[in-house]
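Structure first, commentary second.
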Amino acid sequence: MLWGRGRKSKTLVTRFVAATNAHDVETMRTMVTDDYTYIDSWHEGVSGREAVMDGAQRLFDADPGFRIDVETISYSEPFVLLRGWANSSVAEFGRRRAVWRARCENGLIAEWQSWAEGGPPAFNRRYSAGPVMDMSQQASGDSAAA
């Protein structure tokens, strides 16, 4: 049932946001697939649960005030769509309007993409321990690239 899948996916993503705001990387890790991909506003991506979670920990260590505030959440197969604000305690980033898109598979988040207004930081370049990939085609929804 599509409605049931949408409700479950929205609940999962809401829990993921709560773990993100708590800077709880261990809980976040349990909610994503092994090949989880994070794509930032620059369409740069990092794939692999451990690589992305290592980057998240680096972000949280560098920006103890980082959090996202969700104003709306909806579901459009296969994505959970969120709109709200990205908040940073780093003065140059501050508070920015943002949208997020999460793709869920089998009860886990497989992909998270973020967009923020006003020239947001290149999170993957800044916080990833490894190389980042150009995810422009995947970020634009080109299913052939996914």
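Values in this text are rule-based calculations from the coordinates and carry no lab data. Treat the numbers as computed from the prediction; the structure is a model and nothing was measured. Counting neighbours? That spans all protein chains shown, and the Cβs are built from the backbone with ideal geometry, glycine included.
Worth a mention:
- Over the range 2-121, the pair-distance histogram of Cα-Cα distances with 10 Å bins from zero comes to 14, 48, 34, 4, 0 percent, rounded to whole numbers.
- Shape call, the range 53-121: gyration tensor on alpha carbons, a/c limit 1.5: oblate
- Global geometry of the range 38-81, whether rounded, prolate or oblate, following the gyration tensor of its Cα atoms and the 1.5 cut on a/c: oblate
- Packing order of peptides 84-91, 33-40, highest average first: 33-40, 84-91 (average count of other Cβ atoms within 10 Å over each peptide's residues).
- Backbone phi angles across the range 44-60, fed through the Karplus curve with coefficients 6.51, -1.76 and 1.60 (θ = phi - 60°), yield HN-Hα couplings of 9, x, 10, 10, x, 3, 5, 4, 5, 5, 4, x, 4, 4, 4, 4, 5 Hz in residue order; Gly and Pro are listed as x.
- Cβ charges +1 (Lys, Arg) and -1 (Asp, Glu), total dipole of the chain, debye: 520 debye
- The peptide list 9-22, 46-59, put in order of mean Cβ contacts within 10 Å with the highest first, becomes 46-59, 9-22.
- The Ala22 and Ser136 beta-carbon pair, evaluated with R₀ = 25 Å, returns a calculated FRET efficiency of approximately 0.20.
- Calculated FRET value between Glu50 and Lys8, using beta carbons and R₀ = 30 Å, to 0.05: 0.75
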